[in-house]
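The values are calculated or read from the model by the stated rules, or taken from the named source; none is laboratory data. The model shown is predicted, which means the values in this text are computed figures rather than measured ones. Glycine also receives a Cβ, built like all others from the backbone with ideal geometry; neighbour counts cover every protein chain displayed. Accessible surface areas use protein heavy atoms only, side chains included; no ligands, DNA or RNA. Shrake-Rupley method; radii C 1.70, N 1.55, O 1.52, S 1.80 Å.
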Amino acid sequence: AAGAATLTVGDTINGGAGTDTLNFIETDAITRLPVGSTLTSVEILNVIGGAAVTIDTTTGVTGLTDLNVTNEAANQTITAAATQNVTSVVTAQAAADVIVNGGKAVSVTGTGVTAVANITIGGTTAAASTVAASSTATFVNNSANDFTMGAHTITGGTTVTSTQSAGLTASNTTAALADATNGEITQGAVTVTGDANTTAVTVTQDSAQSDVDTAGIGRIGIVNGAVTILDANRASTTAAGTIATADVTGGAAVVVNSGALTALNLASTFTTVNAGTLGALTTAANTTLALNLTGAVSTGAVTIDTDITTLNISGNTTTSTIASLVASGATTINVSGDALVTLTANTTAAVTDIAVTNTAGAAFGSALAVGVNFAGGAGDDSIVLTGAQTKAITMGAGNDTVTYAGALSTTVGSVGSVAAGTGTADTIIMTGAQADAADASSAFNTAFTGFEVLQLSDAMTVTVDLDGINAANKVIL
């Protein structure tokens, strides 16, 4: 260091038996191992740079199992053999970039991001085992100091994990509350492209929140970045995909494309999630998809490939709300779990059967087609009818809600009915005119049973006989 190098051109180090460590420390930039030097039976190489680090351990190195590179506020470029684990750490990263090619298990951690600081793994040579990339921002001040974190671009790896965080802590959040011009952190775009070994991808970002610029009650804004997960064989009509699981917590426009996908796990905030193209196989490998939601909130559509005919939705731990579910190929939808799932709108023209076992319930905002079988569960379920329904709908236990659309089918062989179930506050939503017409005969009470609450969705301008509306004991105007 500082002109007194101790590892020089042509040096040979043989660690012999045991687990041996070489610490390579340089106060200046490191551009490579010295020319002609060889390392044999040195299992651990710790590289600590005072500036940028560029190192290649694919030649002149035998027996190395772990390459650890650390520096501060400077770039790293690492090339490793497929038998060498790589751990990269950049502190006070600011706008420094990290590039890693090759390696076995690869881990890159950047902290103190204050500008675009990119992490690229596997650009030319993919890792042979797991890949993990993590970036954490540091908000410089509480004024309007907006910035975008860098991208994570990852190719290959067996399982891939990408984590980004705005890095807000109690100290800088509290300080921001007194500031009238709070800034906004945009998390970087994440692109993961699998290879033949990639089976699962996990992407995590902080939840989005708008900035508030009112002194005393302000807050720093957080914006999600785009997330793209692509299988290596996504365009092939014959080669099977390999990415079976995509786990995404937070994202702006999310795209997932893998013909092997069987589980799509969503949590936190999203704009849109596009799984509308899952590979290009002539005959789809999968026709069933698990859509697991844990406090997932989308402002736009969650789109599922038309090859998926059975969609198993699970709501877990915290309520999830999807603005629009587009699953045009699904014929069967099952909703399980323990947290309410609300599908504000749903495009499911092909669906014939919906079964809900979610203990908190499921709400379907768009009208069910007349021929859909619906079986509710123990939770508070909600559906909208089209009118002239031809199936026997059972809402199950819980305090359920049904939006009326007119008389049900009375055709022999396709007589419709709606049983509200065992709840104590099952609600039928009708216009005043609909209620006035329904209470005039026994037809409504024959087809609809078990409702305790009548909710009128417009102004009360008619006289309604509650005896004709299941003898409802409560009216909501």
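Some values worked out for this structure:
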{"read-out": "Theoretical ellipticity at 222 nm over the chain - DSSP helices of four or more residues, -39500 (n - 2.57) apiece, nearest 500", "value": "-1000 deg cm²/dmol"}
{"read-out": "Using a Förster distance of 30 Å, the FRET efficiency for ILE13-THR124 (Cβ separation, nearest 0.05)", "value": "0.60"}
{"read-out": "Under 5 Å, built H, 5+ apart or other chain: amide partners of SER37", "value": "GLY10, ASP11"}
{"read-out": "Whether the stretch 328-371 is rounded, prolate or oblate, judged on the alpha carbon gyration tensor where a/c under 1.5 counts as rounded", "value": "prolate"}
{"read-out": "For THR163, net neighbour charge (Lys/Arg +1, Asp/Glu -1) across residues whose Cβ lies under 12 Å away", "value": "-2"}
{"read-out": "Between the stretch 3-50 and the stretch 240-284, the alpha-carbon center distance in angstrom", "value": "43 Å"}
{"read-out": "Around VAL453: net Lys/Arg minus Asp/Glu count, Cβ-Cβ under 13 Å", "value": "-3"}
{"read-out": "Cβ-defined net charge surrounding ASP426, 13 Å radius [Lys, Arg +1; Asp, Glu -1]", "value": "-3"}
{"read-out": "Packing-based ranking, highest mean first, of 157-167, 124-134 given that Cβ atoms within 10 Å are counted", "value": "157-167, 124-134"}
{"read-out": "Amide proton proximity set for ASP211, modelled H, under 5 Å, gap of 5+", "value": "GLY221, ILE222"}
{"read-out": "Within the stretch 188-261: Cβ-based charge dipole about Cα centre, in debye rounded to nearest 20 (Lys, Arg +1; Asp, Glu -1)", "value": "120 debye"}
{"read-out": "Other-chain or far-sequence residues with amide H under 5 Å of SER417's (modelled H)", "value": "LYS391, ALA392, ILE393"}
{"read-out": "Overall form of the stretch 277-431 per C-alpha gyration tensor (a/c, 1.5; a/b vs b/c)", "value": "oblate"}
{"read-out": "Solvent exposure of the stretch 220-350 as accessible area per residue, Å², 1.4 Å probe", "value": "33 Å²"}
{"read-out": "Protein accessible area in the chain, 1.4 Å probe - carbon and sulfur %", "value": "56 percent"}
{"read-out": "Euclidean distance of C-alpha centroids, the stretch 367-400 and the stretch 422-455, integer Å", "value": "14 Å"}
